[in-house]
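Here's the structure we're looking at; comments come further down.
The values are calculated or read from the model by the stated rules, or taken from the named source; none is laboratory data. Remember, it's a predicted structure, so these values are computed and weren't measured experimentally. Neighbour counts run over all protein chains shown; Cβ positions are idealised from the backbone, glycine included.
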Amino acid sequence: NEMKSAIPEGFRMTAAALPSPDPTLADLTPNYPGSGWYVPEGAANKPAALELLRALLSKESSQNYAELSNSVTMVAGAHDDQQLSDPFTTLTEMIERSNAVEPWQVVKYPTWYPAMAEETRAALIVLLLDDLDVDGFLARCQKAADQVAGDDAIAKQTR
């Protein structure tokens, strides 16, 4: 969506999911439904805020948003009959396949284990800059994970 103007005419962009470590599972596409939209209990005009959310989360609004941004929304079934770009179709298919197992939210890991997330991001940047090979990247990530696992002061989370 934000790259649309930079993509050459005729280029067929797509997306790929993280492969599952277990062949009996679906892929590891983050597939949590969510957005940062909340209505506080003490909102000044709670009925209007709830009505705004109802309008934003309608099938029609979701389809309009998808057409304008070329991005999927969190509204289940909103894009079933919608055909947009190759990446849009690929993302929709990835989400459907991943929902066969369970929703999971990758964005929790940085809040659960911030030091590990920071080291993993740093290792990824070095890998992408070609200053680290895959084995080195994996070693850095594993070391960060081992430090979290061995630190009793860090609460351990589960999916």
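With respect to the stated conditions, Pro23 fails to be in the same structural domain as Val75 (by TED's automatic domain parsing), modelled with pLDDT under 80, in a loop (DSSP other than H, G, I, E, B) and under 26 Å from Ala78 (Cα atoms). Within segment 127-136, if we keep just the residues that are modelled with pLDDT under 95, in a helix (DSSP H, G or I) and touching a helix residue (DSSP H, G or I) at 6+ places or on another chain (Cβ under 8 Å), the residue that is surrounded by the most Cβ atoms within 10 Å (Cβ to Cβ) turns out to be Leu127.
Could you check, for segment 110-124, whether at least one of its residues is touching a helix residue (DSSP H, G or I) at 6+ places or on another chain (Cβ under 7 Å), at pLDDT 85 or above and among the acidic types (Asp, Glu)? Yes.
Scan segment 141-156 for residues that are assigned to a helix (DSSP H, G or I), farther than 16 Å from Pro110 by Cβ and not small (Gly, Ala, Ser) and the total you get is 3. Considering segment 43-63, the residues that are surrounded by 13 or more Cβ atoms within 10 Å (Cβ to Cβ) and under 30 Å from Arg12 (Cβ atoms) include one that is modelled with the lowest pLDDT, namely Ser62.
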